[in-house]
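Below you'll find the structure, written out as structure tokens, and then a few comments.
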Amino acid sequence: MPEVVVYMKRTCLYSRQAMDLLNEKNCEFQKVDVGADEARHEEMMRRCGSQTVPQIFIEGRHIGGCDDLFDLEARGELDALLGRAARDSAAP
């Protein structure tokens, strides 16, 4: 399973939606709450250049935010990034 990191805030609806989709995919991910931790927020901004949450990384690759994650899902590309395409497509 690839490493997935979600920079998020507990009060952010978009963070919750992104994490709900990852949970539906049975994807384990690391949550980094930047809401009350300025150092973590600065870390996120250094990594992706954005101040908004969520910001999602898969295997160190910046995916973007909630809309970007859902766009990957709609295009059928999310499973491949999560390393699931071959295994899941073989299931009935």
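Readers should treat all values here as calculations from the given coordinates under stated rules, not as data from a laboratory. Not measured: the values here are computed from a predicted model. So basically every Cβ, Gly included, is an ideal-geometry build from the backbone, and we count neighbours across all protein chains shown.
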Check your understanding: What number of residues in segment 16-39 are more than 20 Å from residue 59 (Cβ to Cβ), part of a helix (DSSP H, G or I) and touching a residue at least 12 places away in the same chain (Cβ under 8 Å)?
Key -> 1
**Study point:** Residue tally, condition aromatic (Phe, Trp, Tyr) and out of contact with any strand residue (DSSP E or B) (no Cβ under 8 Å at 6 or more places or on another chain), over segment 13-72
**Key:** 2
**Study point:** Every residue from segment 41-63 that is part of a helix (DSSP H, G or I) and either of a type in the set (Asp, Glu) or in contact with an Asp or Glu (Cβ under 9 Å, 6 or more places away or on another chain) (or both)
**Key:** 42, 43
Exercise for review: Take the residues in segment 64-83 that are among the aliphatic types (A, V, I, L, M) and assigned to a helix (DSSP H, G or I), then tell me which one is surrounded by the most Cβ atoms within 10 Å (Cβ to Cβ).
Suggested key: 69
